[in-house]
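Have a look at the structure below, then the notes.
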Amino acid sequence: MKINPITNIFNQLPSSSNLVMRTKLIADLLENKTVFYDCENARDLEILKVNETWQAKNGQHVLSVDVRDAGKERVITMRANRIAKIDGESARVIKVGPAPEKSEAREAMETGDWGKFFDSFSSLK
């Protein structure tokens, strides 16, 4: 499956504790580049600065960016999945494989089976 590299960064750094790192990585990817923003009024936008990133309540990955649009500088919010091209190149270029298998300890922790969770460490003795 191919996904947007910005979505991939959000998937790798989803929590607010990773906010600064996530915003920096996305800034490195987008600043001083032209993106094709595929929306109702689809157009090219020059990204001047990435100010902030967050995940909306509906799960959408959102960016606040300073852009140059039709010669005017302004601040807009963008949904990451709407960025179709970065400097003319398709933004859907990262191949993502299946998620790795969960360990017994991880599955036990997620289900709240604490007995099984602690038993999984007995093999480490």
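A few points about this structure:
- Extension gain, Lys85-Glu101: 0.36 nm per intervening residue step, less the Cα-Cα distance, totals 2.5 nm.
- Put simply, when 43-49, 78-84 are sorted by average Cβ atoms within 10 angstrom per residue, most first, you get 78-84, 43-49.
- With the convex hull of its Cα atoms as the shape, the stretch 16-58 has an orientation-averaged projected area of 3.8 nm².
- Summing +1 for each Lys or Arg and -1 for each Asp or Glu among the other residues whose beta-carbon sits under 13 angstrom from that of Gly88 gives -2.
- Counted residue by residue at 0.36 nm each, then reduced by the alpha carbon distance between them, the extension gain from Asn58 to Arg43 reaches 2.9 nm.
Since every read-out is calculated from the coordinates, none of them should be taken as a lab result. Everything numeric in this text was worked out from a predicted model, so none of it was measured. FYI the Cβ positions are ideal-geometry reconstructions off the backbone, even for glycines, and counts take in every protein chain you see.
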